[in-house]
Amino acid sequence: MGAAAIAVLVAGIGVWQFAFRDATVIRVEQAEDGVRQILSDPINGYGANNISALRCNGGKDPSAAKGDSFTCAVEIDGAIRQVYVEFQDDKGTFAVDGPR
């Protein structure tokens, strides 16, 4: 991976915090909405304009404890990509890695 790709990956990590705070499991629909927002945000996210499909954690509600993670399959511009998501705290804040 080149230095430019690493820089984009590091610069593109987005963080999303859910409106609720004390849940240990979140609804997968909320996780997908947050991931979609980060992937499509042109300023604070990745600026992906053509997201036609997104499915996270195999459709199951993910655990939202610090360090827990899940993956999403996302179709961007006709290509299926994988996105890694990791919870940063026990309050539902997560970081979204760039599509691969």
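The values are calculated or read from the model by the stated rules, or taken from the named source; none is laboratory data. Bear in mind the structure is a predicted one, so any value in this text is a computation, not a measurement. All Cβ positions, even for glycine, are placed from backbone atoms using ideal geometry, and neighbour counts span all protein chains on display.
The table below lists the values:
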{"quantity": "Number of positions in the stretch 68-100 that are touching an Asp or Glu at 6+ places or on another chain (Cβ under 9 Å), at pLDDT 95 or above and among the small types (G, A, S)", "calculated": "1"}
{"quantity": "Matching residues, the stretch 63-74, being out of contact with any helix residue (DSSP H, G or I) (no Cβ under 6 Å at 6 or more places or on another chain), surrounded by 15 or more Cβ atoms within 10 Å (Cβ to Cβ) and either in contact (Cβ under 8 Å) with a residue 60 or more places away in the chain or under 20 Å from K91 (Cβ atoms) (or both)", "calculated": "S63, A64, D68"}
